[in-house]
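All remarks here apply to the structure that follows.
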């Protein structure tokens, strides 16, 4: 049996040149950044490779795992499925913008208290997703939280802790008037 | 009252704040100057030859630096032994870009290096590679007759013990009998973090490889042998690992390729694999198991046969202990165990959480359930009647075994006595079928050689070093607890560093042995430092400890004090200041006490109770409740240990209901090689899970009395779920995962 499959979609001969770079202005965690990047750069890669904000994780690059979740104008999105250039003028919040080791955000503290992670790789995405869920104001019951946190895969299987951590913060927040 | 006793407490992870804030640094995240990016091109065929690589086309793109392939890889180490890592199985290890031969689908055939990630990915997508395809064989079912018994080769592999009694005759004569085959497909580890390596070029042929690995020393010796580097010139670092589960036990082709590129280009290089490529370097093998069990009228096991066949590659004999456990979990005089592997055109399988035992416990524990029903016995009662007081494989007593307590405490917690035996006899208020099932297992308690170093400064801050790994198991935390308690310091005063070949050598992070191995080394080292501190204390004017021997004193609450009289104490910080030393150091190591250990069988055990609810109209299965009772020696940290077992249950649920990497035999390729189609449990799949630790005192396994809990918790989970499905529906599914179509 002889066949000659090839890897590539490109035809023989010349290949198209990569696109030129240009300035992209992003507001991340309240700070303005201007990056000189090609328009095909995802928001995730812009954060990790150009801004060294590596708290946002790459787990699949296909919107299937949620590790890259960030908040854009308060809404949670998969930063691997969107281009950086599409987010000029928007307010981007990453895990680094929620809290610091010395001054943890309530969700971050709850995740530590409930041991809602093991390896920690999905954790920033889980926490950003949980903040997005709180902003949405939808989830109140345990089943709702489980369902609405199911876009964030945790291979260590820390789901029991994640549920308890998110529930603790949701319960606390619900005592206060919603903004 | 001591406030510095930390061992056993549910201490929160000391690395928690770093992980929840995104400041923990993983392999592909180190900021290094002048970084080039690599992207791997993978083979679309399973077997054949590369006939042409059109590298010139992509090299013409501005910003593309190099295309590495077998055509331009420099001369490297020649002999197989240079490519053998510490846990390599027998055979000839795969060498990436070595020659034109394709041995498995998704084999790396080229590495494109470019000035940035986007360009490297683009160029890789354009690279034309031509192949001459040959017929492949990837189907284990067709290779049943070609199974063979592998030799020893891989560390930790034990061929099955010889048969005992006369299992065939005993089976024929017994009143209750069963025989069946059990199957599960290939499964992939899929840690959340993609395999990645950042190689920092330090000039002059010196590199630091920040690599995703469960063993920095294993990677270092692999790289130094292949590339002819000196150890000092090849530092390997892994401070945090985003999950391993065995995927990082062996050095992967990603680290080889990244280092190759860095050395050739004399430049720093980062290489991150894709999720799809994570299905190309090892998996839990597709395994067929045949069980033939019989019971006497009194419910005692009359005969037990367990035979397994699983896949391996054409180039290595991957082995794991699948059937051996069946000769020791239950008392039986007539036992025969068999184990074979068969070669396929796939990559070599790789240890994956509880390798062998996770598979073996599926076969044994579903078979035990089947036989319990044949004998008309409650499955738990059946296990109690066959309780093994002694390891019959080795004919040795257990160093400790509290499995009976696990049975009783787990049953009480779960409410097992409310179960009715008949299938389809329990329903919930909504009419859904309820099923309750059990399954359990046994895992090795081992200790490996390990070293550590400790230093304390005049301000009372202790730093402890050992090149161990942190992949989520809690190594940072438990080592900090052990060090703090041993020297009586507040936990905040202790820093534990790991994951670096510049630190004292520790074993691979795997096999559930880190707590026992590194923990004992940390304890010994801190005790050695304590003796030095005692000597300094004795030099102080009017020291109340002047005549004390090391065994007469204890380190508690920042003091050294006499055990006999706690008032006779000195403050540690005063000792350091009076000594005039800026730093006091000690190093030590730990080895298993073979003389003591070889008289015993050293094992952890568990039993899992699972409840499923099945919607008969839709066929959907939900695992609504699990109790996992574990006897694994001393528990060092209730919080992190519980998380390990919770995670194991999630893994078991995945194995039972979802996980299977499906091979398209026409192409010899896994078709669901991504997170959308390789299903792992998500939050909505997981409900109530209870973890019970039945503590065992055991001074034989190691001085800490710890057996390890990373793997034992997964045993029996998949079987318990499958057994619960039978109890709910009356349908016995013997090929995992149990999916809707198998219930229709």
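No value in this document is a laboratory result; all are computed from the given coordinates. Note that the structure is predicted; figures quoted are calculated from it, not measured. Here Cβ is always computed from backbone atoms with ideal geometry, including for glycine, and neighbour counts include all displayed protein chains.
When every alpha-carbon pair in segment A:106-174 is counted, what percent end up more than 21 Å apart? Percent of Cα pairs beyond 21 Å in segment A:106-174: 10.
Kindly work out what percent of the DSSP beta bridges joining two residues of segment B:447-591 are antiparallel, to the nearest 5. Could the numbers behind the result be given before it?
Working: 19 of 23 bridges.
Percent antiparallel among DSSP bridges in segment B:447-591 is about 85.
Note on residue B:155 and residue B:549: their simple-model spin labels are 3.7 nm apart, each label 7 Å out from Cα toward Cβ.
If a/c stays under 1.5 just call it rounded; otherwise compare a/b with b/c (prolate if a/b is bigger, oblate if not). Do that for segment B:1-143, with a ≥ b ≥ c from the square roots of the Cα gyration tensor eigenvalues. Mind dumping the intermediate values first?
Values: a/c = 2.57, a/b = 1.55, b/c = 1.66.
Here segment B:1-143 falls in the oblate category.
Computed on segment A:106-174, with alpha-carbon pairs under 8 angstrom and 6+ residues apart, the relative contact order is 51 percent.
Could you work out [θ]222 nm for chain A from helices alone, using -39500 (n - 2.57) per DSSP H run of at least four and dividing by all its residues? Round to the nearest 500 deg cm²/dmol. Could you put the intermediate results ahead of the total?
Details: 5 runs with 49 residues, N = 179.
Mean residue ellipticity at 222 nm (helix-derived): -8000 deg cm²/dmol.
Peptides B:237-247, B:40-50, A:34-44, B:485-495 ordered by packing proxy, namely the average of other Cβ atoms within 10 Å per residue, highest first: B:237-247, B:40-50, B:485-495, A:34-44. Projecting label points 7 angstrom from Cα along Cα→Cβ for residue B:458 and residue B:230 puts them 3.5 nm apart.
In the calculated pair-distance distribution of chain B, the portion above 40 angstrom amounts to 37 percent of the Cα-Cα pairs.
If one computes the Cα centroid of segment B:557-606 and of segment A:47-65, what distance in Å separates the two points? Spelled out, the Cα-based centre of one part sits 43 Å from the other.
Tell me the relative contact order for segment B:581-697 as a rounded percent, counting alpha carbon contacts under 8 Å between residues six or more apart. All intermediate terms of the calculation are to be shown ahead of the outcome.
Numbers: 131 pairs, mean separation 34.3, N = 117.
So the answer I get is 29 percent.
Mean sequence separation of contacting Cα pairs (under 8 Å, at least six apart), scaled by the length of chain B, corresponds to a relative contact order of 17 percent. Peptides A:61-67, B:156-162 ranked from most to least packed by the mean count of surrounding Cβ atoms within 10 Å: A:61-67, B:156-162.
Annotation: Cα Rg of segment B:668-717 relative to the compact-globule expectation 2.2 N^0.38 Å equals 1.85. Provide, for q = 0.11, 0.17, 0.18 Å⁻¹, the log10 of I(q)/I(0) from a solvent-free Debye sum over equal Cα point scatterers in chain A. Listed by q, the Debye log ratios stand at -0.53, -1.03, -1.13.
Taking beta carbons within 10 Å but only from partner chains, what does the mean come to for residues B:123-130? Intermediate values should be presented prior to the final figure.
Working: counts 2, 2, 5, 7, 5, 9, 5, 4.
Per residue, the average neighbour count from other chains is 5.
Per residue of chain B, what 222 nm ellipticity follows from adding -39500 (n - 2.57) for every DSSP H run with n ≥ 4, rounded to the nearest 500?
Details: 16 runs with 175 residues, N = 744.
So the helix-based figure for chain B works out to -7000 deg cm²/dmol.
The modelled label-to-label distance between residue B:60 and residue B:562, using points 7 Å beyond Cα along the C-beta direction, is 8.9 nm.
Can you give me the C-alpha center-to-center distance between segment B:420-482 and segment B:1-63, rounded to a whole angstrom? When both Cα centres are located, 24 Å separates them.
When averaged across all projection directions, what area in nm² does the alpha-carbon convex hull of the protein assembly as shown cover? Intermediate results must be reported in sequence, preceding the final value.
Working: hull surface 160.1 nm².
Over all viewing directions, the protein assembly as shown projects a mean Cα-hull area of 40.0 nm².
Restricting to chain A, what percent of DSSP beta bridges are antiparallel, rounded to 5? Don't skip to the end; give the middle numbers.
Values: 15 of 17 bridges.
So the antiparallel bridges amount to about 90 percent of the total.
Stretching residue B:70 away from residue B:134 to a fully extended chain increases their span by 21.1 nm, per 0.36 nm per residue minus the current alpha-carbon distance.
Look at the stretch A:101-114: the mean tally of other chain Cβ atoms within 10 Å of its residues' Cβ atoms is 4. Between residue A:100 and residue B:574, the FRET efficiency estimated from the beta carbon spacing at R0 = 35 angstrom works out to 0.50.
DSSP finds beta bridges in chain B, and of those with both partners inside it, around 75 percent are antiparallel. Other protein chain C-beta atoms within 10 Å of residue C-beta, averaged over A:49-61: 6.
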